[in-house]
Amino acid sequence: MASHYEAPIRKPLVVGDKGYHDVSVDIARPVEGKANKQWWIVFSIALVAFLWGLGCIIYTVSTGIGVWGLNRTVNWAWDITNFVWWVGIGHAGTLISAVLLLFRQKWRMAINRSAEAMTIFSVVQAGLFPIIHMGRPWLGYWVLPIPNQFGSLWVNFNSPLLWDVFAISTYLSVSLVFWWTGLLPDFAMIRDRAVKPFQKKIYSLLSFGWTGRAKDWQRFEEVSLVLAGLATPLVLSVHTIVSFDFATSVIPGWHTTIFPPYFVAGAIFSGFAMVNTLLIIMRKVCSLEAYITVQHIELMNIVIMITGSIVGCAYITELFIAWYSGVEYEQYAFLNRATGPYWWAYWSMMTCNVFSPQFMWFKKLRTSIMFSFFISIVVNIGMWFERFVIIVTSLHRDYLPSSWTMFSPTFVDIGIFVGTIGFFFVLFLLYSRTFPVIAQAEVKSILKASGEKFKTLREAGKPLYEMPASKGKTKIETAPKVETSEEHVSTLLEALGTFDSETETADDLKKVKGIGPQMEDALNKIGIHTFAQVSKMTEKEYDLLDSITGSFPGRAQRDDWAGQAKKLNEDK
């Protein structure tokens, strides 16, 4: 019991009367069940956005970069803004997985899997923009330092743009391995619960032969720690190198040494905001409120508040250094941001990134789900404006007033950006239907210490487990308990129809996979005797049956009793 002790003052991280089996059933439900209406609506919108973006990419590649809003003065704008924004969003996954793992923070366990998936999908979106901006994506391999027939044609190793290639590819590789390693026990759980042979085969391959032996868990812990150690420097290095794209130049507004820590804080800031956005949606759509709790949302809001304050300090430091430097070009760059033609973008950035997170100082607001969802979207809008302000306002007015110009995005610019957002959500929604969105093995590891059920038992002085009451005999199988609730039974039989013993013949329900002698007896007591009755079951009837029998909740739906019974009835 000592190993499961946790201070009573700590709130439970798993709420409700959840045991180990409940965790498996709840987390496997989105994968094993059918997608609900909300999922299809969101997926359809994301797919339309993705197809629009794909059309714009094909048009850009076939016509040329001239279809974008770039010009000779502002030769970097929409594309690099979106690139830096997507890379920033990808930061939170590694931070939650690696850094919080090393600090042994238990609250990360319900959110780390989705945060890692978000990291990979957002880095994929970021990688699209440099490839498209090449104009000739099929020559993209030229950026790699490989021997070629052009003699001295080599990449410039002194360029931060090349450092980006190595930093982001390393980040993606380590994040992918980290994500997949953590998924192995979850894939094995889905494999063991799978009914269809094809599904079982696929998840057997994905789980790499995981058996759950002590040796498997030992290696799992060792590899996780090693990967966490490797990934932690990447949290700092990736966005530091992205910031070098600007900081190593001599352009006023870019040439500053504060960019590396400022970019890293901003990346964590926007990354946690996007995790918050996704988890608030997912906890509702996938019915995971017991695992992604208000406490998780509150803790992420605190991180958003702290990193937002750091970003605010960086903004103030930039302004101070520009004034203190005495360089009129630097001073003008910042004055132009706040009062020039792009003033609306600058003040949108300040409002969203500096002022809005300060509401999180109030506990009532940071524990409000709807307010958290609103602020998380506002923060990501603000972080996009930050990148836009840094890039466009520093370029559109240079040293030569005759070349001053404005940048306006074309419908192709906007379409590609909307397409990447659609692509991101398409990937994330498909992931939520095929992969467990919560690390069930890790949640189970904290269940006795941080689960509400076990905390209540411990506070009441009761044992955390129950021994079967047996007097020298081993009870092998117990018949399902049939509740004599007239209301439930009559509702169920109204939907399935009644059995008339004089005109109908009872079927052998044991032919349905998942129905044994005990369950058949229980169904007969309710009044279910034929394949025709079972074949009419829908999600509502499955739930009613579970509430009446109280045996193996979710099994009837998972084994598709209705589908099996329909086929058996047709073959009679």
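The values are calculated or read from the model by the stated rules, or taken from the named source; none is laboratory data. Since this is a predicted model, take the numbers as computed values, not measurements. Every residue, glycine among them, receives a Cβ derived from its backbone with ideal geometry; neighbour counts consider all protein chains shown. Quick note on the areas: whole protein, heavy atoms, side chains included, nothing else; ligands and nucleic acids left out. Shrake-Rupley method; radii C 1.70, N 1.55, O 1.52, S 1.80 Å.
Only one of the listed residues (Y291, Y324, Y332) is closer than 24 Å to G90 by Cβ and aromatic (F, W, Y). That residue is Y291. Here is the figure for the range 95-122: residues that are open to solvent by less than 10 Å² (accessible area, probe 1.4 Å) and farther than 16 Å from V437 by Cβ total 2. With respect to V285, is the statement that it is in contact with a helix residue (DSSP H, G or I) (Cβ under 7 Å, 6 or more places away or on another chain) and open to solvent by 10 Å² or more (accessible area, probe 1.4 Å) true? Judged against the criteria, V285 is a match. Name the one entry in S243, S169, S159 that is farther than 30 Å from L102 by Cβ, among the polar types (S, T, N, Q) and without any contact (Cβ under 8 Å) to a residue 24 or more places away in the chain. S159 is the lone residue from the list that is farther than 30 Å from L102 by Cβ, among the polar types (S, T, N, Q) and without any contact (Cβ under 8 Å) to a residue 24 or more places away in the chain.
Quick test for you: out of S204, S224, pick the one residue that is closer than 18 Å to N112 by Cα, among the hydroxyl-bearing types (S, T, Y) and crowded, with 16+ Cβ neighbours inside 10 Å.
Numbers: S204 fails: closer than 18 Å to N112 by Cα.
Going through S204, S224 in turn, just one is closer than 18 Å to N112 by Cα, among the hydroxyl-bearing types (S, T, Y) and crowded, with 16+ Cβ neighbours inside 10 Å: S224.
When the range 87-119 is filtered for residues that are more than 16 Å from V235 (Cβ to Cβ) and in a helix (DSSP H, G or I), the ones remaining, listed by number, are K106, W107, M109, A110, R113, S114, A117. Only a single criterion out of (1) open to solvent by 20 Å² or more (accessible area, probe 1.4 Å); (2) farther than 26 Å from C313 by Cα; (3) among the aliphatic types (A, V, I, L, M); (4) in a helix (DSSP H, G or I) is not satisfied by M406, namely (4). R136 meets all of the listed conditions (1) under 22 Å from G88 (Cβ atoms); (2) open to solvent by 40 Å² or more (accessible area, probe 1.4 Å); (3) of a type in the set (K, R) but one, namely (1).
Taken over the range 541-550, the criterion of being free of Cβ contacts under 8 Å to residues at least 60 places away in the same chain and either in contact with a Ser or Thr (Cβ under 9 Å, 6 or more places away or on another chain) or open to solvent by less than 40 Å² (accessible area, probe 1.4 Å) (or both) is satisfied by E541, Y542, L544, L545, D546.
Counting only residues that are more than 30 Å from R433 (Cβ to Cβ), in contact (Cβ under 8 Å) with a residue 24 or more places away in the chain and assigned to a helix (DSSP H, G or I), which one in the range 38-75 is most open to solvent (accessible area, probe 1.4 Å)? Step through it out loud before you land on a result.
Taking the range 38-75 and keeping what is more than 30 Å from R433 (Cβ to Cβ), we get 59-75.
If we keep only those that are in contact (Cβ under 8 Å) with a residue 24 or more places away in the chain as well, we get 59-61, 64-65, 67-75.
Retained after the next criterion (residues that are assigned to a helix (DSSP H, G or I)): 59-61, 65, 67.
On the way: Y59: 99, T60: 2, V61: 51, I65: 44, V67: 24 Å².
Looking at residues that are more than 30 Å from R433 (Cβ to Cβ), in contact (Cβ under 8 Å) with a residue 24 or more places away in the chain and assigned to a helix (DSSP H, G or I), I get Y59.
W78 meets the stated requirement of being crowded, with 20+ Cβ neighbours inside 10 Å, within 30 Å of I381 (Cα to Cα) and modelled with pLDDT of 85 or more. Taking the conditions (1) part of a helix (DSSP H, G or I); (2) modelled with pLDDT of 80 or more in turn, V437 satisfies each one other than (1). Is there any pair with a first residue in the range 331-346 that is over 12 Å from E318 (Cβ atoms) and of a type in the set (A, V, I, L, M, F, W, C) and a second that is part of a helix (DSSP H, G or I) and open to solvent by 20 Å² or more (accessible area, probe 1.4 Å) whose Cβ atoms are under 7 Å apart and which are 6 or more apart or on different chains, and what are they? Taking only residues 6 or more apart or on different chains, the pairs are A345/F385.
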